[in-house]
1. Is one or more of the residues making up the range 223-231 in a helix (DSSP H, G or I) and open to solvent by 60 Å² or more (accessible area, probe 1.4 Å)?
2. Any residue that is free of Cβ contacts under 8 Å to residues at least 40 places away in the same chain, within 16 Å of the chain's Cα centre (by Cα) and over 23 Å from TYR272 (Cβ atoms) - is there at least one of those in the range 240-257?
3. When both residues are 6+ apart or on different chains and their Cβ atoms are under 7 Å apart, which pairs have a first residue that lies in the range 280-294 and is part of a helix (DSSP H, G or I), and a second that is of a type in the set (Lys, Arg) and buried (at least 16 other Cβ atoms within 10 Å of the Cβ)?
4. Which residue is most open to solvent (accessible area, probe 1.4 Å), if the candidates are limited to the range 295-319 and must be within 18 Å of VAL224 (Cβ to Cβ) and in a helix (DSSP H, G or I)?
5. Determine which single condition VAL94 fails, assuming it passes every other condition in (1) within 16 Å of the chain's Cα centre (by Cα); (2) assigned to a loop (DSSP other than H, G, I, E, B); (3) of a type in the set (A, V, I, L, M, F, W, C).
6. Could you identify the single residue in GLU60, GLU39 that is closer than 19 Å to GLU102 by Cα, open to solvent by 30 Å² or more (accessible area, probe 1.4 Å) and without any contact (Cβ under 8 Å) to a residue 12 or more places away in the chain?
7. Filter the range 224-239 for residues that are free of Cβ contacts under 8 Å to residues at least 40 places away in the same chain, aliphatic (A, V, I, L, M) and within 16 Å of PHE206 (Cβ to Cβ) and give the result.
8. For the condition surrounded by fewer than 23 Cβ atoms within 10 Å (Cβ to Cβ) and among the aliphatic types (A, V, I, L, M), what is the one hit in ALA129, ALA144?
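The values are calculated or read from the model by the stated rules, or taken from the named source; none is laboratory data. Owing to the predicted nature of the structure, the values given are computational and were not obtained by experimental measurement. For neighbour counting, all protein chains shown are included, and Cβ atoms are generated from backbone atoms with ideal geometry for every residue, glycine included. These area figures cover heavy atoms from the full protein model, side chains too; ligands, DNA and RNA do not enter into them. Shrake-Rupley method; radii C 1.70, N 1.55, O 1.52, S 1.80 Å.
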Amino acid sequence: MTREDAERLLALSRESSWTFPSSAGGPLDARARREQWVEQLLAEQQSVVDAARYFVDAGELDAATELAANSWRLWMVTRDIDGGRRFLATVLDVGNTNASRERALALYGDGLFAFWQGEHEHARERNEAALVAARASGDDEALALAHLGMSRVAVDDGDHERARTHAVHAREHARDLGPAMGQAPLHLHAQAVRQAGDYDQAAVLFEQSLELNRRIGDAGMVAVELHNLGHVEIRRGNVDEAERYFAECAEQDAGDSYGAALTQFNKAAIAYLRGDFDRAGSLFDEARAVLDESGVQLATDDRAEVDWLSEQLAQQNDG
């Protein structure tokens, strides 16, 4: 890696224009995927790592941090979470603690990767550090993502009030950054309200999130919000509405074990509300078997709904 190559890659990274901050589908829309900077950075992904190391070895830590801030989403595109964390560690773990916008963005990225891997304490530490750096920088994008990361961790902790507070702050800072940047903050706002048990307000927020994801073309999150709305309607006792959401969600099934299990859980919930308890129990057991065989762990929100349905079925059997 020469200085010329390192500086060229840094300049190329400055052209990046990521669409989604943390989408289930990926950080690019169809238009962005056709742009030249995407193909060049993906083709030279290992060289980006080498360039970061070059800047670190040269003592140019601000340049290394900027490259990391601009480039970490490459590892989201390729779904190489381990590689993304190794790349960010090259920059974040060398003692540069300048509270800059770039450091906040890189810390958020590492916090997101750690969260995906279930290392929630590390995710919490990274997001707390990101929020400190973002506040010092005063940059709206950095603040939106740092609050988003804090909200995500709080939802997983079951601290719905803290999750809601951070999600609202994230939405405020994302307001003027384009509709896609508001996607994840709105989703987490809805999740926090749902976790608090306010299903009427959660339905409103999830409907807004569904409409936003349809508008920006994120099919993965459309399916997620249809699923969430179905369970909100289950809790509100609106079985016909829940069934409608679940049916549309099933049409977009990704074909993986997790989706297959959730489809069966959803059918079980509908059967329970319709009073067909035997069918509900059978479908519930089928879904459990799929999860047990695959070894996949349920997300916090899905686990809460599965536990609720399990309790309802157990009470019915005891009765």
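1. There is no residue in the range 223-231 that is in a helix (DSSP H, G or I) and open to solvent by 60 Å² or more (accessible area, probe 1.4 Å).
2. no
3. What qualifies is LEU283/LYS267.
4. ARG303
5. Every condition holds for VAL94 apart from (1).
6. GLU60
7. Within the range 224-239, LEU226, LEU229, VAL232 qualify.
8. ALA129
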